[in-house]
Amino acid sequence: MTTEFIDIRTDEKEALEKAKRLILKGEVVAIPTETVYGLAANAFDEKAVEKIFAAKGRPQDNPLIVHISEMSQLDALVEEIPDKVKMLAKKYWPGPLTMIMKRSGKIPSVVSAGLDTVAVRMPKSEYARAIISFSGVPLAAPSANLSGSPSPTRAKYVLDDMNGRIPLIIDGGECEIGVESTVVSFAGEKPRLLRPGGITLEQLESVAGEVEVDRAVLNKLEKNATASSPGMKYKHYAPKADITVVKGSLESFCEYVKDKGDFFALCFDGEEKYFAKALSYGKIDDGKSQAKRIFDALRELDEMGAKKVYARCPDLKGMGLAVYNRLIRSAGFDIIEV
Ligand code: AMP
Ligand code: MG
């Protein structure tokens, strides 16, 4: 299959028309969103959704998020809309927040990996919403990377992973946020954070009251444990390089790595000078800047041929929680405290 590449910033009409035609034919199209690029297909079309799993090489027990452009599309997807979902939607949609509810019968079970729930999000990206509303159907989409690799925040990284596997990539420039959406489940008694992202825990609680944090956000799941979000089971976001996360001050980090031989330091802005080889992933006290850089930095480390990487650990406040959640998975939970 040849993969066509269109820039929606310069050829909007052509991009929308081609995307619509392919989506309604049951094909998969890579689209820009404000979080990361997505691999999108008609959420009502079971065969089309199966092609997403094939293109990504993703196990079918890892569910997808259904993307909508208007509130009115939500009714058809879920059994009922809990009040807290309405409140959060009012405040944070469109935006990087995914909410899980009981699934209606219209959504094929493959979208939700056989669960009785469905995850829904209204993206903030104008391009993403234009593609959804022009196509006229909600779009099921995971991140547009090969399963296990860092999520793509630029169209060129989508091309690296998806060339020859899907018919169309729509370039909408660099993603504003850089990590995936926050995922909160409303299928149980209390709201439960399954994945931290662009909307912080603090922001959620200011609207919805107490939100439980699933154990898997910060910890590795024990073997045989059931994941509330099946995606949490896999090593994820990993570059080719082997990563170790080192928790502690800059001083103790330097002390720890000083006799480690050949390695890259994945550090904060301004710290590069302390290491022979280093790449920074944002400002030390700014989780937002780290979120925007983390996946790019992981891919850049591969481009630079890094084999061993020691990473500085972010602070867990605000967006830092999302950054930490991705970083420890990319390291396969290899974390050292110094
Ligand atoms: P991605 O954005 O590529 O990481 O893929 C979507 C992620 O959303 C999955 O890996 C799950 O963690 C989560 N998710 C989607 N649907 C559900 C659901 N029904 N229940 C729990 N988690 C879900
Ligand atoms: Mg993903």
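The values are calculated or read from the model by the stated rules, or taken from the named source; none is laboratory data. Quick caveat, the model's predicted, so the values are computed rather than measured. No Cβ is skipped: glycine too gets one built from the backbone with ideal geometry, and neighbour counts run over all protein chains shown.
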Looking only at strands (runs of 3 or more DSSP E) that fall completely inside region 14-76, which ones have 3 or more residues that are more than 10 Å from ligand 1 (Cβ to nearest atom), at pLDDT 95 or above and farther than 20 Å from LEU194 by Cα? 29-31, 38-42
I need every pair where a residue in region 149-168 that is in contact (Cβ under 8 Å) with a residue 60 or more places away in the chain and within 11 Å of THR2 (Cβ to Cβ) has its Cβ under 9 Å from the Cβ of a residue that is among the acidic types (Asp, Glu) and within 13 Å of ligand 1 (Cβ to nearest atom), sequence separation at least 6 or different chains. none
Between LYS308, LYS292, LYS240, which is within 23 Å of ASP160 (Cβ to Cβ), touching a helix residue (DSSP H, G or I) at 6+ places or on another chain (Cβ under 9 Å) and among the basic types (Lys, Arg)? LYS240
Suppose the filter is over 17 Å from LEU201 (Cα atoms) and either part of a helix (DSSP H, G or I) or touching a helix residue (DSSP H, G or I) at 6+ places or on another chain (Cβ under 9 Å) (or both); does ALA128 pass it? yes
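Can you name the residue in region 133-153 that is closer than 14 Å to TYR37 by Cα and out of contact with any helix residue (DSSP H, G or I) (no Cβ under 7 Å at 6 or more places or on another chain) and is also nearest to ligand 1 (Cβ to nearest atom) among such residues?
Our first condition is that a residue be closer than 14 Å to TYR37 by Cα; within region 133-153, this holds for 139-147, 149-153.
Then keep just the ones that are out of contact with any helix residue (DSSP H, G or I) (no Cβ under 7 Å at 6 or more places or on another chain); that gives 141, 143.
Working: ALA141: 8, SER143: 4 Å.
Looking at the filtered set, the residue picked out is SER143.
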Quick one: how many residues across region 169-192 are surrounded by fewer than 24 Cβ atoms within 10 Å (Cβ to Cβ) and either without any contact (Cβ under 8 Å) to a residue 60 or more places away in the chain or of a type in the set (Val, Ile, Thr) (or both)? 6
Could you figure out which of (1) surrounded by fewer than 21 Cβ atoms within 10 Å (Cβ to Cβ); (2) touching a residue at least 24 places away in the same chain (Cβ under 8 Å) isn't true of GLU222? (2)
Pull up region 234-267, narrow it to residues that are away from ligand 2 (no atom under 16 Å from the Cβ) and under 22 Å from the mean Cα position of the chain (by Cα), then point me to the one that is nearest to VAL217 (Cα to Cα). VAL245
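Within region 158-178, how many residues turn out to be in a loop (DSSP other than H, G, I, E, B) and either within 16 Å of ligand 2 (Cβ to nearest atom) or among the small types (Gly, Ala, Ser) (or both)? Quick ask: steps written out before the conclusion?
The initial filter retains those residues of region 158-178 that are in a loop (DSSP other than H, G, I, E, B), namely 163-167, 172-178.
Checking the rest, the ones that are also either within 16 Å of ligand 2 (Cβ to nearest atom) or among the small types (Gly, Ala, Ser) (or both) come to 164-166, 172-173, 175, 177-178.
Within region 158-178, residues that are in a loop (DSSP other than H, G, I, E, B) and either within 16 Å of ligand 2 (Cβ to nearest atom) or among the small types (Gly, Ala, Ser) (or both) number 8.
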Return a yes/no flag: does region 149-157 have any residue that is more than 26 Å from ASP83 (Cα to Cα), β-branched (Val, Ile, Thr) and within 16 Å of ligand 2 (Cβ to nearest atom). yes
Condition first: away from ligand 2 (no atom under 16 Å from the Cβ), assigned to a helix (DSSP H, G or I) and of a type outside the set (Asp, Glu). Now tell me which residues in region 179-217 satisfy that. LEU201, GLN203, LEU204, SER206, VAL207, ALA208, ARG215
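Select, from SER143, SER135, the only residue that is of a type in the set (Gly, Ala, Ser), away from ligand 2 (no atom under 16 Å from the Cβ) and on the phi < 0 side of the Ramachandran plot.
Values: SER143 fails: away from ligand 2 (no atom under 16 Å from the Cβ).
The unique qualifying residue is SER135.
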Out of the residues in region 119-132 meeting the condition of being of a type in the set (A, V, I, L, M, F, W, C) and either within 16 Å of ligand 2 (Cβ to nearest atom) or under 17 Å from ALA48 (Cα atoms) (or both), tell me which one is surrounded by the fewest Cβ atoms within 10 Å (Cβ to Cβ). ILE132
